[in-house]
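Heads up, the thing below is written out as structure tokens.
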Amino acid sequence: MKPTLILLLLSGLSGACSRQTQVYTRELQQLKAESRRTLSTHVDEFNGYKNRPASDGPFHAGNNKGFLLNTIPLFASSDTAISKVYNYRWWMISKHLKEYHDPEDSKNYWVVTEFFGVKPWASLSGAITCPAGHQFYDVRWLRDDTYLKSYADYFMRGSASRLNQRENDNFLTYLSRPESHHFSSWMVNGVEAFQKIHPDRTWTRGIMPSMEKHQQVWDSLFTVKNPTAKTHGMYKILDLYDGMEFSLSAVLGLIQSDGPYSLYTKDNWRKYYLGWETTGNAARSPQAREYPTAFRKGYPDYYLVRPSVNSYAYGNLQALANLYQLDPGSADKAAHYGKRATEVQQKTLSVLWNKEDQFFNTYSAGDNTFGAGDYEARVRESVGYTPWYFRMIPAQSYQNYDQAWELFSSRKGFYHNSGMTTAEQQHPYYNERAYAWNGRGWPFENSVVYKGYANYLRTYKKNVTESEKQLLYDYVAKLARMHGTAELNIGEWYIPSDGQTFGGESDYFHSTFPDIIIEDLLGFQASHENAFSITPLLPENQWDYFYLGNLRYHKHDIDIIWKKDWNPNQPGDQSRLCVWVDQKLVASQQNLNKELKVKL
């Protein structure tokens, strides 16, 4: 072939590529502008809702539009209902960003609240540790890292790390502890997740000793001390302070117990441990009078070794190891916390995994003063999926634990008409109507389990089927629908069989949604390295397009589009996933669900 002809062919290919790039870029500009207009319209609508809680902080109807347009990652898709809920959740989050002047140390902090106002069971700032892990995972996607740095400072090295939780009428335990440990949480893991988006080695190095101390409090106060117990060294918690007020695993352990807890039988336990209206009955019982320290205002002082709190501990310890690995002079500390994490992992796998049930079950703590110790509750609860949230399952043996996920899609297990249940439906004590975790749905737990399932598919499965992707999407779509249509809302709980909306609080920040969309469904996988990957778990034919942009990552601006039909006038399949970094198209591929890696 003549050199002139080769040059002409190459020139033609280059021109075609340039024209196609222009098509992609025009679509980016259009979707970016459209998503901003839609967000603006949505914010106006949300600000018009009546009888909603006022803002806890400086962002309100008078100024929140500008804040949201400039600070959140923009998102749009052909599923307009999910896209609207995404925008609503950011609007809700903005109302929970609170400025707090701490009189204890005369410092100003940003905190993130759950309820509006300062509840008796909150820290003095109004922030509550229970949802903090979820809050870190959502708020980390803001373009501005100021809020989470300050929030972490408050709980890790501010007054909340030193002041004991107020022992008021809502304090239902005899164990004094700092405000930062009033409820279980995976805040250290949350800090690491945040640092994958907005890395700041200097800030991280400064807060690391305080995060170590934070974990040491969990080690000293919330581990089983009886050296002969099967659960020795494992992490324990009361139902209430795991954010799950009444669970079936506690019920089964209490029924098995004697002494003060002979109060609870298979016939009458509902009278004493099924919602807040029942604990008064327990407080008036002869057993409570005879054993006053076995109860606190009728709530049993009965600790459980749960898959949840042990997974949180693993997540925190592994995060310490990972963050110390980033510091060349901290190899010994990285190895120490890596070893600690492995010990928690192995103990959880060996003790809490039940081969017959094919599930992670809960034990009662082996050092409980009262009640049956080391008792295994043979009931499958949604907290048994928590290990997958933190990728605790060994990659080389993941198939040994696969069967647990069969219940995720089963009517005998956790799958229901309006969303996920928190206990298996086939259990005789299942109850979705009580204010308890005996079946009723809780967005808090949706956030844990949906990430766990996404991790299971993306991290462990060799070949993910369309039905598996559809199951994840089905759950996310149900969660979005639960927010309503006339006026969107997020509350505390829902009824899985026929729930049409949430109950309890309004605009309640106790769960995630932006993170479910960005990381779990669209598959944006952040890294400590100067790179990221995208592996969507969307079913192939579910959406016509999605756009995720204005996303600040490692000090770069990221935009992502997947579209089936880039040019309506052109026939054939045009499916393509495109990624821009700082307004430059840097990567693309045809396959929606194949991993696309991008180095910055």
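List of remarks:
- When PHE171 is tested against the conditions (1) assigned to a loop (DSSP other than H, G, I, E, B); (2) under 23 Å from the mean Cα position of the chain (by Cα), the lone failure is (2).
- The one condition in (1) touching a strand residue (DSSP E or B) at 6+ places or on another chain (Cβ under 8 Å); (2) among the polar types (S, T, N, Q); (3) not in a loop (DSSP other than H, G, I, E, B) that SER418 fails to fulfil: (3)
A quick yes/no check of all residues on (1) assigned to a loop (DSSP other than H, G, I, E, B); (2) over 23 Å from the mean Cα position of the chain (by Cα); (3) in contact (Cβ under 8 Å) with a residue 40 or more places away in the chain:
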position	(1), (2), (3)
ASP144	yes, no, yes
SER150	no, no, yes
TYR154	no, no, yes
THR202	no, yes, no
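- Taken over the stretch 156-168, the residue count meeting the criterion of being more than 18 Å from LEU97 (Cα to Cα), touching a Phe, Trp or Tyr at 6+ places or on another chain (Cβ under 7 Å) and not in a loop (DSSP other than H, G, I, E, B) is 1.
- Test: LEU142 is surrounded by fewer than 21 Cβ atoms within 10 Å (Cβ to Cβ), of a type in the set (A, V, I, L, M) and touching a helix residue (DSSP H, G or I) at 6+ places or on another chain (Cβ under 7 Å): no
- Selection count, the stretch 470-528, where residues are of a type in the set (Gly, Ala, Ser) and assigned to a helix (DSSP H, G or I): 2
- In the stretch 544-600, the residue that is surrounded by the most Cβ atoms within 10 Å (Cβ to Cβ) out of those that are modelled with pLDDT of 95 or more, out of contact with any Ser or Thr (no Cβ under 7 Å at 6 or more places or on another chain) and among the hydroxyl-bearing types (Ser, Thr, Tyr) is TYR553.
- Qualifying positions in the stretch 272-284 - surrounded by fewer than 18 Cβ atoms within 10 Å (Cβ to Cβ) and either more than 33 Å from the chain's Cα centre (by Cα) or within 22 Å of ASN368 (Cβ to Cβ) (or both): ASN281, ALA283, ARG284
- Among residues of the stretch 280-324, those that are hydroxyl-bearing (Ser, Thr, Tyr) and outside any helix (DSSP H, G or I), counted: 5
- Scoring SER262 on the criteria (1) polar (S, T, N, Q); (2) surrounded by fewer than 22 Cβ atoms within 10 Å (Cβ to Cβ); (3) under 31 Å from the mean Cα position of the chain (by Cα) leaves a single failure, condition (3).
- Residues that are surrounded by 23 or more Cβ atoms within 10 Å (Cβ to Cβ) and farther than 18 Å from ILE82 by Cβ, drawn from the stretch 458-494: TRP493
- Test: residue in the stretch 424-432 that is at pLDDT 95 or above, under 21 Å from PRO496 (Cα atoms), under 21 Å from the mean Cα position of the chain (by Cα) and part of a strand (DSSP E or B): no
- Residues in the stretch 545-566 that are over 23 Å from SER83 (Cα atoms) and not in a strand (DSSP E or B): HIS554, LYS555.
- Yes/no for TYR151 being surrounded by 24 or more Cβ atoms within 10 Å (Cβ to Cβ) and touching a strand residue (DSSP E or B) at 6+ places or on another chain (Cβ under 7 Å): yes
- Flag: PRO131 matches the condition of being more than 27 Å from TYR545 (Cα to Cα) and not acidic (Asp, Glu).
- Filtered by the rule that a residue be crowded, with 22+ Cβ neighbours inside 10 Å and assigned to a loop (DSSP other than H, G, I, E, B), the stretch 356-371 gives ASN361, ALA365, GLY366, ASN368, GLY371.
- Complete set of residues in the stretch 275-288 that are of a type in the set (Gly, Ala, Ser) and touching a strand residue (DSSP E or B) at 6+ places or on another chain (Cβ under 8 Å): ALA282, ALA283, ALA288
- Applying the set (1) at positive phi; (2) touching a Cys at 6+ places or on another chain (Cβ under 8 Å); (3) of a type outside the set (Gly, Ala, Ser) to LYS555 leaves exactly one unmet item: (2).
- Test: residue in the stretch 335-355 that is assigned to a helix (DSSP H, G or I), under 19 Å from GLN256 (Cβ atoms) and not acidic (Asp, Glu): yes
- Taking the stretch 111-126 as the range and being closer than 18 Å to PRO178 by Cα and more than 17 Å from the chain's Cα centre (by Cα) as the test, the residues that pass are VAL111, VAL118, LYS119, PRO120, TRP121, ALA122, SER123, LEU124, SER125, GLY126.
- Residue that is out of contact with any strand residue (DSSP E or B) (no Cβ under 9 Å at 6 or more places or on another chain), modelled with pLDDT of 95 or more and hydroxyl-bearing (Ser, Thr, Tyr), where the choices are TYR291, TYR264, TYR272: TYR291
- Test for ASN168: is it out of contact with any Asp or Glu (no Cβ under 9 Å at 6 or more places or on another chain) and either among the basic types (Lys, Arg) or at pLDDT below 95 (or both): yes
- Scanning the stretch 429-475 for residues that are hydrophobic (A, V, I, L, M, F, W, C) and over 22 Å from GLY190 (Cα atoms) yields ALA434, ALA436, TRP437, VAL464, LEU471, LEU472.
- Residue in the stretch 101-110 that is under 19 Å from the mean Cα position of the chain (by Cα) and among the hydrophobic types (A, V, I, L, M, F, W, C) present: no
The values are calculated or read from the model by the stated rules, or taken from the named source; none is laboratory data. Predicted model only: the values in this text are computed from it and were never measured. FYI the Cβ positions are ideal-geometry reconstructions off the backbone, even for glycines, and counts take in every protein chain you see.
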